[in-house]
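Here's the structure, in structure tokens; my notes come after.
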Amino acid sequence: MEITSVGVVGAGQMGSGIAQVFAVAGYDVFLNDIDPAQIEAAIAGIGENLERQVEKDRMTAEEKAAAMARLNAEPDLPALGPLDLVIESATEREEIKRAIFDGLKPHLGTQTLLTTNTSSISITRLASSTDRPERFMGLHFMNPVPVMQLVELIRGIATDEATFQAVRAVVERLGKTHATAEDFPAFIVNRILLPMINEAVYTLYEGVGSVESIDTAMKLGTRHPMGPLELADFIGLDTCLAIMNVLHDGLADTKYRPCPLLVKYVEAGWLGRKSSRGFYDYRGEVPVPTR
């Protein structure tokens, strides 16, 4: 099937990035969020991002204007139902995602494909709560979406071949590269990445090294562009904890037990960059380690 219209549910960092790349690639995009102000803020942020691309001669002013014209604020969730493709990109909590799909169910077009940007939750389980598990799959973008090349494609047990091929063609049109993952907790990237971050938190918790020394060691010792604690702050410590809980619960292996220090930071509301404090304090001009 040809996909021309796309709905994105969730106008946070991931959702706005997804909306941006689809609009630039020529799709008509309808951006939804429970908070209408968040939609407007996301569209304004996309405009600023694209203006920087114009200033760097990576796109023309006409291309920016065309992309922005394809980007629509849509605070009414049911209005996304008739579109060709819907991408859920809400908070990494299964009950929230299920509620979104329940809200869409009575309004879906016969042709509509449903996808989720979940980074860890079972695609099969989410699909089972819809009326079209064969037309449902995981479409997991990396953060920040406009910059990162990879998209993970995850089929549920019922996902049919036509759905997979249609979604893969979308990824190719976006100019990104796909990796196919089986439907196991956290898929490929986060199955590997989050235990490393969790181990870095344990290294801090046990006093093996400070925040600064752990991040410096991993950046210079393994050529990572960000240290694991800096990266955790960028991802969001609540998201890191949610993924570790999915791994721990889904695989029943103690090696995935979230570090108590990670739990403590989340309980304190120190979630990283988005709350201005995490393993670093971002309230000043320069980030300062909090431990």
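Only the coordinates and a few stated rules stand behind these numbers; no lab work does. Quick caveat: nothing in here was measured; it's all calculated off a predicted structure. Heads up, the Cβs are rebuilt from the backbone with ideal geometry, glycines too, and the neighbour counts pull from every protein chain shown.
For the chain, the longest principal axis of the C-alpha atoms and the axis of helix 161-173 are separated by about 70°.
As a calculated quantity, the FRET efficiency between Ile157 and Thr177 at R0 = 35 Å, using C-beta atoms, amounts to about 0.90.
Here the extension length gained between His107 and Asn49 equals 17.6 nm, from 0.36 nm per residue of separation less the Cα-Cα distance.
Placing R0 at 35 angstrom, the Cβ-Cβ distance between Met68 and Gln149 gives a FRET efficiency of 0.90 after rounding to 0.05.
The alpha carbon gyration tensor of the stretch 52-91 gives principal lengths a ≥ b ≥ c with a/c of 1.5 or higher and a/b greater than b/c, which makes the shape prolate. Give me the angle, in degrees from 0 to 90, between the Cα long axis of helix 36-55 and the longest principal axis of the Cα atoms of the chain, rounded to the nearest 10. The answer is roughly 80 degrees.
A straight Cα-to-Cα reach below 20 Å connects Lys64 with the lysines Lys56, Lys176, residues fewer than 8 places away in its own chain not being considered. Taking 1 over the mean of 1/r across every pair of different Cα atoms in the stretch 5-181, what Kirkwood radius in Å do you get? In the stretch 5-181 this quantity evaluates to 16.1 Å. From the alpha carbon centroid of the stretch 148-223 to that of the stretch 42-59 is 27 Å. In a DSSP loop and with at most 10 other Cβ atoms within 10 Å, the GluC sites (Glu not before Pro) in the stretch 1-63 are Glu2. Taking square-rooted eigenvalues a ≥ b ≥ c of the alpha carbon gyration tensor, is the stretch 156-206 rounded, prolate or oblate, where a/c under 1.5 means rounded and, failing that, a/b exceeding b/c means prolate? Cα axes put the stretch 156-206 in the oblate bin.
One chain, two ends: Lys255 and Ile188. Fully extended at 0.36 nm per residue, the span grows by 22.4 nm beyond their Cα-Cα distance.
Placing pseudo-labels 7 Å out from each Cα toward the beta carbon at Ala37 and Thr222 gives an inter-label distance of 4.0 nm. Taking every alpha-carbon pair in the stretch 191-289 and binning the separations at 5 Å intervals from zero gives 3, 14, 25, 26, 19, 9, 3, 1, 0 percent.
Compared with the dominant principal axis of the Cα atoms in the chain, helix 237-251 is inclined by about 80°.
Leaving out same-chain residues fewer than 8 places away, which lysines sit with a Cα under 22 Å from that of Lys255? Result set, ordered by chain and number: Lys264. Full extension of the chain between Ala61 and Met1 yields a length gain of 18.5 nm, computed as 0.36 nm times the residue separation minus the alpha carbon distance.
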